[in-house]
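Only one structure is covered here, and it is reproduced in the block below.
The values are calculated or read from the model by the stated rules, or taken from the named source; none is laboratory data. The structure presented is a predicted model; accordingly, all values stated were derived computationally and were not measured. So basically every Cβ, Gly included, is an ideal-geometry build from the backbone, and we count neighbours across all protein chains shown.
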């Protein structure tokens, strides 16, 4: 059964994580996702790598693990997740501990959405070269999976290197929380097939966005076949950005997407709750349709 979630930039200028988490669960929406940027380097006109002005919420957001911990403590059944965690900007042993702790304390409610990042200067401040970001992400994910699964894990790679360690607690789920990669490239789909547990694309309002997802889904099936992995091993989640077309959303359900997350605005509490009410109405229609 498809789960319906919401995602938001949690900052000091919008609704707080505890109030939001309670409101989401009260409306019988299944989950809540928070993105991540540790900071944005100061520049005259901050912009996305592909163009366009960068909104201030990119440098005002709470740490996602702190915000999600608050959300877990305020709810009983709410699924929580990162959308996405910038793995090349985090130490893998510390990140493995944070994920394991959150999954264990939440009773297995955590989804680990990840990405390699796009802000070269932000990444450089963490000591990761932009050209190496995907190699770094791969080794860190593989190392974390080993930490989650083994009593005395060790890892020796080009970017991650440690002798046997003890690291507890282990996650609530054997092997750790599902790792969902946010990517839209064919090479990214190969990465999912190699070392991830799911896919986390973005559905945009553009008319061709659903077609792009369908094409990439076929490519993902081919990549999984090459690795001799069945598609039903994967968790398929999607972030629907300002998409209100129920036909498109229904197509995603038919395609097998297990989680659909709707965007909430970076705004005051009243506007966020109004949007949440609208989303709850859309979810009711999708569940009954």
Every residue in segment 102-135 that is surrounded by 23 or more Cβ atoms within 10 Å (Cβ to Cβ) and either in a helix (DSSP H, G or I) or at pLDDT below 95 (or both), please. 102, 103
Assuming residue 19 fulfils every condition listed in (1) farther than 19 Å from residue 239 by Cα; (2) under 17 Å from the mean Cα position of the chain (by Cα) apart from one, which condition is it? (2)
Could you say whether any residue in segment 189-209 is part of a helix (DSSP H, G or I) and farther than 22 Å from residue 87 by Cα? yes
From the list 45, 28, which residue is on the phi > 0 side of the Ramachandran plot and exposed (fewer than 14 other Cβ atoms within 10 Å of the Cβ)? 28
From the set of residues in segment 227-257 that are touching a residue at least 40 places away in the same chain (Cβ under 8 Å) and in a loop (DSSP other than H, G, I, E, B), which is surrounded by the fewest Cβ atoms within 10 Å (Cβ to Cβ)? 255
Would segment 143-153 turn up any residue that is in a strand (DSSP E or B), in contact (Cβ under 8 Å) with a residue 12 or more places away in the chain and more than 23 Å from residue 83 (Cβ to Cβ)? no
Qualifying residues in segment 258-283 (those that are assigned to a loop (DSSP other than H, G, I, E, B) and under 30 Å from residue 12 (Cβ atoms)) - the one farthest from the chain's Cα centre (by Cα): 268
Within segment 75-101, considering residues that are assigned to a loop (DSSP other than H, G, I, E, B) and in contact with a helix residue (DSSP H, G or I) (Cβ under 8 Å, 6 or more places away or on another chain), the one surrounded by the fewest Cβ atoms within 10 Å (Cβ to Cβ): 76
Filtering segment 173-194 down to residues that are in contact with a strand residue (DSSP E or B) (Cβ under 8 Å, 6 or more places away or on another chain) and either over 30 Å from residue 262 (Cβ atoms) or surrounded by fewer than 18 Cβ atoms within 10 Å (Cβ to Cβ) (or both) yields 184
